[in-house]
Amino acid sequence: MAENKINVAIVGASGYSGEELVRLLLGHPHVNLSVLTSRQYAGQPMTSVFPRFAGYTGASELTFSEPSIDLLAEKAEAVFLALPHGVAAEFAVPLAERGVTVIDLSADFRLNDAGVYHEFYGAEHPSPEWLAKAVYGLPEVRRDAIGDATLIASPGCYPTSILLPTIPLLEAGLIDPGQIIADSLSGVSGAGRNASLPFLYVECNESLRPYGVPKHRHLSEIEQELSLANGSPVTVQFTPHLVPVNRGILTTLYLAPALGQADDFDQWTAAVADCLAKRYADEPFVRITGSERLPDTKNVTGTNSIEIGWAADPRTKRLRIFSAEDNLVKGASGQAVQSFNIRFGFDETAGLPI
């Protein structure tokens, strides 16, 4: 196991995911946070922008700087990119080409197909030749590949909440891949730190609304990863909703038995429960609640854990699986740090609240 501290930079450190990365990495036992960039706050002390970090060791010495490839390559062995899609690639590729480990929280390298990127993101991919080189950073599924990666594409928040419960069941042939429905509820921080009208307090408070239907951008990576698990294309009905809480995602999955497994519904539900329990028995951040207690965002907020539980419905012959996660931690920054730990040989839980 590696012993020395790794020099780490965060590009886009003033957004919600960037702020969460600052919190996690300031407290990480194997990290020296060397560079923070923000065009908006360049030249300002980090603790004047985020006073809550003033008590962390070394925090008072950090100042936001303008992003620079040369500066990042010189000062950091690993760089986290908390940038919008389309912008992240401008930093990811030149840094990776210089041998810097890049962990990208944007969507720029999550997809394998540049055509799908264009379909869902409305622009040509800036570096299509790198799509095959990037590793999709879902630790519980791609741990071995993450360990050798130069460019890690950290998954989206909604996909994490859907893929972790569903991938094992598709791989085991337990569910019908043609009947997957996902409804997700997300806190407002998922929209990022900006002054966009739909996300102002008065617009969001006392309001529940669906958005991004029928083709939310995250649907592209959801279907990609489920198709890989299934061995053939999977199409998903996915409806995200905005709810008036700061953070957290609750997802409800409606799943049907695979062909030939519907005759004994009780046996099928027991097989699903056994599959998930065995798959995640040794995963530090996956908490299986089963049918005894259904997931609740209040139990995972501020942590890198995801809860997974379920309720069987013999009347409809369907199983509802629920997951809860913090969209800024397990759904973004925490999962990125988890991949960082794997990549550099640290304990996977280092610096992460369970």
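The values are calculated or read from the model by the stated rules, or taken from the named source; none is laboratory data. As the structure is a computational prediction, the values presented were derived from the model and not from experiment. Here Cβ is always computed from backbone atoms with ideal geometry, including for glycine, and neighbour counts include all displayed protein chains.
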Looking at the range 183-206, which of its residues are under 14 Å from the mean Cα position of the chain (by Cα) and loosely packed, with under 10 Cβ neighbours inside 10 Å?
none
Within the range 234-253, can one find any residue that is out of contact with any strand residue (DSSP E or B) (no Cβ under 8 Å at 6 or more places or on another chain), among the basic types (Lys, Arg) and at pLDDT 95 or above?
yes
How many residues are among the aromatic types (Phe, Trp, Tyr) and farther than 22 Å from Val329 by Cβ if we restrict to the range 1-55?
1
Quick check on the range 114-133: of everything there that is part of a helix (DSSP H, G or I) and either free of Cβ contacts under 8 Å to residues at least 60 places away in the same chain or of a type in the set (Gly, Ala, Ser) (or both), which residue is surrounded by the most Cβ atoms within 10 Å (Cβ to Cβ)?
Trp130
Taking the range 1-25 as the search range and keeping residues that are more than 11 Å from Ser65 (Cβ to Cβ), in a loop (DSSP other than H, G, I, E, B) and small (Gly, Ala, Ser), which one is modelled with the lowest pLDDT?
Ala2
Go through the residues of the range 306-322 one by one and say whether even a single one is under 16 Å from the mean Cα position of the chain (by Cα) and in a helix (DSSP H, G or I).
no
Within the group Ala281, Ala350, Ala311, which residue is small (Gly, Ala, Ser), surrounded by fewer than 19 Cβ atoms within 10 Å (Cβ to Cβ) and outside the structural domain of Ala191 (by TED's automatic domain parsing)?
Ala350
On the given criteria, is Gly190 out of contact with any strand residue (DSSP E or B) (no Cβ under 9 Å at 6 or more places or on another chain), in the same structural domain as Leu259 (by TED's automatic domain parsing) and outside any strand (DSSP E or B)?
no
Answer yes or no as to whether Val213 is assigned by TED's automatic domain parsing to the domain that holds Tyr280, part of a helix (DSSP H, G or I) and surrounded by fewer than 19 Cβ atoms within 10 Å (Cβ to Cβ).
no
All but one of (1) in a helix (DSSP H, G or I); (2) in contact with a Phe, Trp or Tyr (Cβ under 6 Å, 6 or more places away or on another chain) hold for Leu164; state the number of the condition that does not hold.
(2)
Just to be sure, is Ser291 surrounded by 17 or more Cβ atoms within 10 Å (Cβ to Cβ), among the small types (Gly, Ala, Ser) and out of contact with any Gly (no Cβ under 6 Å at 6 or more places or on another chain)?
no
From Tyr211, Tyr158, Tyr201, Tyr136, which residue is without any contact (Cβ under 8 Å) to a residue 12 or more places away in the chain, among the hydroxyl-bearing types (Ser, Thr, Tyr) and within 28 Å of Glu19 (Cα to Cα)?
Tyr201
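Results for (1) among the acidic types (Asp, Glu); (2) farther than 14 Å from Ser161 by Cβ; (3) part of a helix (DSSP H, G or I), shown as yes or no for each residue.
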{"site": "Pro244", "(1), (2), (3)": "no, yes, no"}
{"site": "Arg247", "(1), (2), (3)": "no, no, no"}
{"site": "Thr252", "(1), (2), (3)": "no, no, no"}
{"site": "Gly260", "(1), (2), (3)": "no, yes, no"}
{"site": "Ala271", "(1), (2), (3)": "no, yes, yes"}
{"site": "Pro284", "(1), (2), (3)": "no, yes, no"}
{"site": "Arg287", "(1), (2), (3)": "no, no, no"}
{"site": "Arg293", "(1), (2), (3)": "no, yes, no"}
{"site": "Asn304", "(1), (2), (3)": "no, no, no"}
Considering each residue of the range 323-346, count those that are aromatic (Phe, Trp, Tyr), over 25 Å from Arg193 (Cβ atoms) and assigned to a helix (DSSP H, G or I), and give that number.
0
Would you check if Pro84 is in contact with a Ser or Thr (Cβ under 9 Å, 6 or more places away or on another chain) and either on the phi < 0 side of the Ramachandran plot or acidic (Asp, Glu) (or both)?
yes
Inspect the range 95-103 for any residue being touching a helix residue (DSSP H, G or I) at 6+ places or on another chain (Cβ under 7 Å), within 21 Å of Asn304 (Cα to Cα), not charged (D, E, K, R) and not assigned by TED's automatic domain parsing to the domain that holds Leu276 and give the result as yes or no.
yes
